[in-house]
Amino acid sequence: MIDAADFDVGAAWHVAAPYDFLRRLRHERPVFRSEHLDAYVLTRYADVRAAYGDPRRFSSEGSLTISRSLSAETRLKLGEHGSFLSSFVANVDPPVHTRLRRSVSRAFTPRAVAALEQRFRELNEELLGRVVPRGGGDLVAEIAHAPSARLTARFIGVPQEDEEFVKNHVKDWFQLFLSPQPPDRQLALAESFLVYLDYVDGLVASRAKEPRDDFTSLMTSLIGTELSHREVVELISTILLGGNDTVPNQLGNSVLRLLREGLWPVPPEKARNAVEECMRIDGASLGSFRYATTDVELHGTTIPAGSLCLLSTDSAAHDETVFDDPERFLIERPNADAHMTFGYGIHFCVGAALGRLQLRTALEVLGERLPGLRLVPGEPLSYRPSIVGRGLTALPVEW
């Protein structure tokens, strides 16, 4: 019997290579209570997908509001913002979710997303024009983050001179709410987070006075009719997180995987499916939390009403009942896109199309400009500790 105490998603080994362990869980304990998370964990693909698709029994209400991990002093400092994300689209159920998603989706039409492709390609080209002469560097810090962060900033309407400020504070945002931190560090991160919220609040106020052609202006125009001021601030804050953190992390994971598999550079005609297989096998998102609204019986285990549940998309993406030989990277895997890295059901990520476009475009441009890209021999690799995400701290490469 597997000891639930072994399920420590913040441990270095778990973020880097948990798959043998997760396979045993799927076979022996597909549903169990983790003392470390104080939550029940679902590990099989069918169960994770069913829970995503059943918001009446597995509620998103408050699932991202993890102030329970913060010290009393930190919660006091944050005040009302200790429940940050309480009105974010991924943190609520219908009918609030329906209203929020309808508003946000206006900015993510296929035409609007496609229009960003050329700009993102240009941002990658501009960056590589400066970086290529160096002959090497840290792909995570010097290549993966900047184009995605800049595109997201332009999309939101963040002035270019504020991009570095936003990047630094978004990093603190992530660490405070989505990564375990000691009490003293929490207080420092909380101060940074409050400064960041003030900035976003000011951005919304400025667009209310002088609208422009950007996401902030579009969302601000809906305040009072479809959205509240707080909802707009939380939407902007969280989309900035995706561009500054999630997409760059996935790109780093993907490049590492392709280099290790000897599949670099990816042929352009295979880039789209390569992106899906990279997200499946090395997803930047490890799962999502939900609350059981009623007692749920699953595989002989009762999940009591009110219990927190982790839907492990990381485990689901390696479920051998769905993906043949799941530990093998198959660039032409026919069902690679069946992963749930972007979620599933009503909470499927509204920015998924933009994320996929960024990853594909980045792989194409990097392959064209750095066909000889390779790992620096002998350099140890490590992952940032997180309960919900997988991202390299650095990726030393040369070309």
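Cβ-Cβ contacts under 6 Å between residues 6 or more apart (or on different chains), taken from a first residue in region 358-382 that is on the phi < 0 side of the Ramachandran plot to a second residue that is small (Gly, Ala, Ser) and surrounded by 18 or more Cβ atoms within 10 Å (Cβ to Cβ), are listed as GLN358/SER148; ARG360/ALA271; LEU363/ALA271; GLU364/ALA271. Scanning region 311-366 for residues that are charged (D, E, K, R) and more than 16 Å from ASN253 (Cα to Cα) yields ASP319, GLU320, ASP324, ASP325, GLU332, ARG333, ASP337. Of the residues contained in region 116-137, none is found to be small (Gly, Ala, Ser) and in contact with a Gly (Cβ under 7 Å, 6 or more places away or on another chain).
Among the residues of region 61-91, those identified as of a type in the set (Gly, Ala, Ser), at pLDDT 65 or above and out of contact with any strand residue (DSSP E or B) (no Cβ under 6 Å at 6 or more places or on another chain) are GLY62, SER69, SER71, ALA72, GLY79.
Does region 290-312 contain any residue that is outside any strand (DSSP E or B), among the polar types (S, T, N, Q) and in contact with a helix residue (DSSP H, G or I) (Cβ under 9 Å, 6 or more places away or on another chain)? Yes; the residues of region 290-312 include at least one that is outside any strand (DSSP E or B), among the polar types (S, T, N, Q) and in contact with a helix residue (DSSP H, G or I) (Cβ under 9 Å, 6 or more places away or on another chain). Only residues that are part of a loop (DSSP other than H, G, I, E, B) and in contact with a helix residue (DSSP H, G or I) (Cβ under 6 Å, 6 or more places away or on another chain) were counted across region 357-385, and they come to 0. Scanning region 92-106 for residues that are at pLDDT below 80 and among the β-branched types (Val, Ile, Thr), we see that the one that is surrounded by the most Cβ atoms within 10 Å (Cβ to Cβ) is VAL92. Residues satisfying the criterion are present in region 201-211 (criterion: crowded, with 19+ Cβ neighbours inside 10 Å, of a type in the set (A, V, I, L, M, F, W, C), in contact with a helix residue (DSSP H, G or I) (Cβ under 7 Å, 6 or more places away or on another chain) and farther than 23 Å from THR109 by Cα). Contact annotation: residue pairs with Cβ atoms under 7 Å, 6 or more positions apart or on different chains, pairing a residue in region 22-38 that is farther than 19 Å from VAL296 by Cα with a partner that is buried (at least 17 other Cβ atoms within 10 Å of the Cβ) and of a type in the set (A, V, I, L, M, F, W, C), are HIS36/PHE7. Taken together, the criteria place LEU259 among residues that are surrounded by fewer than 18 Cβ atoms within 10 Å (Cβ to Cβ) and in a helix (DSSP H, G or I). For region 208-227, a residue qualifies if it is in contact (Cβ under 8 Å) with a residue 24 or more places away in the chain, of a type outside the set (Val, Ile, Thr) and either under 19 Å from LEU151 (Cα atoms) or part of a loop (DSSP other than H, G, I, E, B) (or both), and the qualifying residues are ARG212, ASP214, PHE215, SER217, LEU218, MET219, LEU222, GLU226. Within region 292-318, residues that are farther than 14 Å from PHE58 by Cα reach partners that are aromatic (Phe, Trp, Tyr) and surrounded by 21 or more Cβ atoms within 10 Å (Cβ to Cβ) with beta carbons closer than 6 Å, at six or more positions or on different chains, in the pairs ALA316/TYR45.
When you look at LEU330, is it of a type in the set (A, V, I, L, M, F, W, C) and part of a loop (DSSP other than H, G, I, E, B), yes or no? Judged against the criteria, LEU330 is a match. If you go through region 107-118 and keep only what is under 16 Å from PHE215 (Cα atoms), surrounded by 11 or more Cβ atoms within 10 Å (Cβ to Cβ) and either of a type in the set (Lys, Arg) or touching a residue at least 60 places away in the same chain (Cβ under 8 Å) (or both), you end up with ALA107, PHE108, VAL113, ALA114, LEU116. Selection of region 345-399 for residues being among the acidic types (Asp, Glu) and over 22 Å from the mean Cα position of the chain (by Cα) yields GLU368, GLU379, GLU398. Within region 25-62, the set of residues being outside any helix (DSSP H, G or I), among the β-branched types (Val, Ile, Thr) and crowded, with 23+ Cβ neighbours inside 10 Å comprises VAL41, THR43. Scanning region 102-159 for residues that are within 22 Å of ARG207 (Cβ to Cβ), among the hydroxyl-bearing types (Ser, Thr, Tyr) and either part of a helix (DSSP H, G or I) or in contact with a helix residue (DSSP H, G or I) (Cβ under 7 Å, 6 or more places away or on another chain) (or both) yields SER103, SER105, THR152. Is there a residue in region 338-352 that is closer than 19 Å to LEU263 by Cα and part of a helix (DSSP H, G or I)? Checked against the condition, which is being closer than 19 Å to LEU263 by Cα and part of a helix (DSSP H, G or I), region 338-352 yields no hits at all.
Residues in region 177-188 that are farther than 28 Å from LEU222 by Cβ, in contact (Cβ under 8 Å) with a residue 24 or more places away in the chain and either assigned to a helix (DSSP H, G or I) or small (Gly, Ala, Ser) (or both): SER179, PRO183, GLN186, LEU187.
The values are calculated or read from the model by the stated rules, or taken from the named source; none is laboratory data. In this text the structure is predicted, and so the values were computed from the model without any measurement. Glycine gets a Cβ as well: all are built from the backbone with ideal geometry, and neighbour counts include every protein chain shown.
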